[in-house]
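*Asks:* Sharing a structure, written as structure tokens. Questions coming.
The values are calculated or read from the model by the stated rules, or taken from the named source; none is laboratory data. Everything quoted here is computed from the prediction, not taken from an experiment. Please note: Cβ atoms are built from the backbone with ideal geometry, for glycine as well, and neighbour counts cover all protein chains shown.
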Amino acid sequence: MNPQYFINLEDEFGAHNYKPLDVVLARGQGVWVWDVGGNKYLDCLSAYSAVNQGHCHPKIMKTMMEQAQKLTLTSRAFRNDQLGLLYKELCELTNSHKVLPMNSGAEAVETVIKAVRKWGYKVKGVAQDQAEIIVCENNFHGRTITIVGFSTDPGSRENFGPFTPGFKIIAFGDAKALEAAITPNTVAFMVEPIQGEAGVIIPPAGYLKQVKAICEKNNVVLILDEIQTGLGRTGKLLAEEHDGIEADLTLIGKALSGGYYPISAVLSNKEVMDVLRPGEHGSTFGGNPLACAIARTALKVLVEDNMIENAAAMGAYFLSQLKEKIQGPHIKEVRGKGLMLAIELTPDAGGARQYCLELMAKGMLCKETHENTIRIAPPLVIKKEEINWALERLESVLAAA
Ligand SMILES: *Cc1c(COP(=O)(O)O)cnc(C)c1O
């Protein structure tokens with residue numbers, strides 16, 4: 001099948017809000033995907049970490065097929081026999097007290113913004129409409145108007161105002177900046193444990209621990225956006241475990257879907273979630289039985305198939321090999337945690353995209369983030385031989401850099 005046919009259809013009839021690599025995929029299995037011409041590629045993006053479990057995981061597929069034949073959607077006007085089980089299993093797995101299910105990551109972010117504002121008024125005693133939420137420079141939390149309003153990326157926010165007030169932006173990785181920004185009206189601090197879309201930016205060691213202590217001291221809710229870092233990506237179930245802390249609110253999404261069906265969730269301590277009362281928040285599809293059944297199996301296989309341990313071991317191997325083999329005047333830095341890896345090129349290397357195109361020609365799918373960073377984030381089921389295969393290609397393509 002001619003890929004150009006599909007590319008033309010997208011260009012003619014679709015909105016142009018993405019600039020994908022021109023590879024038209026038709027099939028996936030584990031870490032591999034195939035295009036319409038039958039060419040095989042190693043997926044090193046994993047749909048931005050939404051297919052951590054690998055493409056078309058057979059156990060998740062089985063659950064999806066079985067649940068699809070039983071019950072798919074009830075709305076929350078009625079109860080279903082999957083939602084409570086997902087709540088229980090998620091709470092036990094993550095040591096949380098309460099769960100609120102939504103569909104997309106951005107919706108989970110919007111949900112916590114509502115929850116912490118109300119918590120601020122009802123519990124902390126902030127005066128009406130004065131609540132402030134602190135966020136970080138170069139954050140990525142989604143695409144709604146409220147969320148892009150506190151983005152610092154011009155491409156995300158320009159021409160989309162006016163924006164929602166009540167947000168304050170500080171430097172990422174700087175605990176002192178947080179301490180200085182807190183006022184009596186501060187209700188929450190929201191941060192990614194590792195900034196994914198900003199280019200896999202890892203904060204100084206101990207940052208989250210310091211941030212947690214500052215939030216506790218000032219009665220500020222700590223929100224960790226683990227939509228990308230969570231569910232095994234960094235070699236732990238949640239990235240917060242690297243710092244030995246527990247956030248008050250944790251956002252997960254992406255891989256909760258198992259790559260099959262969108263679902264996100266807010267994990268909460270009891271106090272914050274309990275401020276939301278019936279009628280104040282919801283979603284028609286949020287918590288539907290199909291999504292819940294799939295998410296339950298998506299979580300189960302992460303644990304049962306040892307994907308989190310594999311991410312830690314294979315990530316450490318991949319990073320050490322990258323550091324050893326990918327060097328040169330145009331390689332600014334190689335970094336990562338677990339299987340959330342990045343190669344940052346110097347600004348004069350001509351941009352990361354050309355290297356992504358060359359890698360694609362050699363059977364490896366990576367996507368540039370911003371101008372100069374190649375992110376490498378394969379499904380968590382990747383094996384050593386497959387990493388070696390990827391390293392050969394990276395070496396040959398980046399030798400020119
Ligand atoms: C992807 C992502 C989101 C948004 O998730 P969507 O499902 O695309 O709305 C939010 N935060 C982080 C850290 C993400 O990586």
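*Asks:* Mind checking which residues of the range 239-248 are farther than 12 Å from ALA311 by Cβ and either in a helix (DSSP H, G or I) or within 14 Å of the ligand (Cβ to nearest atom) (or both)?
*Replies:* GLU240, GLU241, HIS242, ASP243, ALA247
*Asks:* Then there's this: Within the range 318-338, can one find any residue that is under 30 Å from GLY37 (Cα atoms), surrounded by 18 or more Cβ atoms within 10 Å (Cβ to Cβ) and in contact with a Ser or Thr (Cβ under 6 Å, 6 or more places away or on another chain)?
*Replies:* no
*Asks:* Restricting attention to the range 64-95, report how many residues are among the β-branched types (Val, Ile, Thr) and closer than 24 Å to THR250 by Cβ.
*Replies:* Residues flagged as among the β-branched types (Val, Ile, Thr) and closer than 24 Å to THR250 by Cβ within the range 64-95 amount to 1.
*Asks:* Select from the range 60-101 the residues that are exposed (fewer than 14 other Cβ atoms within 10 Å of the Cβ), basic (Lys, Arg) and not in a helix (DSSP H, G or I) and list them in ascending order.
*Replies:* LYS70, ARG79
*Asks:* Next question, about the same structure. List the number of the failed condition for LYS236; all other conditions in (1) assigned to a helix (DSSP H, G or I); (2) surrounded by fewer than 24 Cβ atoms within 10 Å (Cβ to Cβ) hold.
*Replies:* Here LYS236 meets the rest and fails (1).
*Asks:* Select from the range 342-371 the residues that are in a strand (DSSP E or B) and surrounded by fewer than 15 Cβ atoms within 10 Å (Cβ to Cβ) and list them in ascending order.
*Replies:* none
*Asks:* Among the listed residues VAL112, VAL126, identify the single one that is more than 16 Å from ASP225 (Cβ to Cβ) and among the β-branched types (Val, Ile, Thr).
*Replies:* VAL126
*Asks:* Let me ask something else about it. Determine if the range 123-134 includes at least one residue that is assigned by TED's automatic domain parsing to the domain that holds TYR261 and at positive phi.
*Replies:* Scanning the range 123-134, I find at least one residue that is assigned by TED's automatic domain parsing to the domain that holds TYR261 and at positive phi, so the answer is yes.
*Asks:* So if I check each of LEU222, LEU231, LEU251, which one is closer than 30 Å to THR63 by Cβ, in a strand (DSSP E or B) and touching a residue at least 12 places away in the same chain (Cβ under 8 Å)?
*Replies:* LEU251
*Asks:* So LEU302 clears everything in (1) at negative phi; (2) in a loop (DSSP other than H, G, I, E, B) except one condition, right? Which one?
*Replies:* (2)
*Asks:* Taking the range 183-198, which residues are assigned to a loop (DSSP other than H, G, I, E, B) and more than 12 Å from the ligand (Cβ to nearest atom)?
*Replies:* THR183, PRO184, ASN185
*Asks:* Of the residues LEU178, LEU208, which single one is within 20 Å of ASP248 (Cα to Cα), buried (at least 20 other Cβ atoms within 10 Å of the Cβ), modelled with pLDDT of 95 or more and more than 16 Å from the ligand (Cβ to nearest atom)?
*Replies:* LEU178
*Asks:* Might you check whether a residue that is within 30 Å of VAL275 (Cβ to Cβ), over 23 Å from the mean Cα position of the chain (by Cα) and either hydrophobic (A, V, I, L, M, F, W, C) or not in a helix (DSSP H, G or I) (or both) occurs anywhere in the range 39-58?
*Replies:* Within the range 39-58, none of the residues are within 30 Å of VAL275 (Cβ to Cβ), over 23 Å from the mean Cα position of the chain (by Cα) and either hydrophobic (A, V, I, L, M, F, W, C) or not in a helix (DSSP H, G or I) (or both).
*Asks:* Please work out which one of (1) more than 16 Å from the ligand (Cβ to nearest atom); (2) of a type in the set (Gly, Ala, Ser); (3) surrounded by 20 or more Cβ atoms within 10 Å (Cβ to Cβ) is the condition ALA50 fails and give its number.
*Replies:* (1)
*Asks:* Look at LYS383 and say whether it is in contact (Cβ under 8 Å) with a residue 60 or more places away in the chain, surrounded by fewer than 22 Cβ atoms within 10 Å (Cβ to Cβ) and over 29 Å from TYR18 (Cα atoms).
*Replies:* yes
*Asks:* Would a scan of the range 138-149 turn up a residue that is within 16 Å of the ligand (Cβ to nearest atom), buried (at least 17 other Cβ atoms within 10 Å of the Cβ) and free of Cβ contacts under 8 Å to residues at least 24 places away in the same chain?
*Replies:* Checked the range 138-149: at least one residue is within 16 Å of the ligand (Cβ to nearest atom), buried (at least 17 other Cβ atoms within 10 Å of the Cβ) and free of Cβ contacts under 8 Å to residues at least 24 places away in the same chain.
*Asks:* Which condition breaks for ALA127 when tested against (1) more than 16 Å from the ligand (Cβ to nearest atom); (2) part of a helix (DSSP H, G or I); (3) small (Gly, Ala, Ser)?
*Replies:* (2)
*Asks:* Those residues that are within 23 Å of SER396 (Cβ to Cβ) and either not in a helix (DSSP H, G or I) or not charged (D, E, K, R) (or both), I need them from the range 305-329; list them, please.
*Replies:* Passing the criteria: MET314, GLY315, TYR317, PHE318, LEU319, SER320, GLN321, LEU322, ILE326, GLN327, GLY328, PRO329.
*Asks:* Name the one entry in ILE387, ILE294, ILE374, ILE382 that is part of a strand (DSSP E or B) and at pLDDT 95 or above.
*Replies:* ILE374 is the lone residue from the list that is part of a strand (DSSP E or B) and at pLDDT 95 or above.
*Asks:* Shifting gears a bit: Out of SER257, SER320, which single residue is closer than 24 Å to ILE382 by Cβ, more than 16 Å from the ligand (Cβ to nearest atom) and not aromatic (Phe, Trp, Tyr)?
*Replies:* Of the residues listed, the single one that is closer than 24 Å to ILE382 by Cβ, more than 16 Å from the ligand (Cβ to nearest atom) and not aromatic (Phe, Trp, Tyr) is SER320.
*Asks:* Still on this model: For the structure I just gave you, tell me whether SER104 is at pLDDT below 95 and not assigned by TED's automatic domain parsing to the domain that holds GLY363.
*Replies:* Answer is no for this residue.
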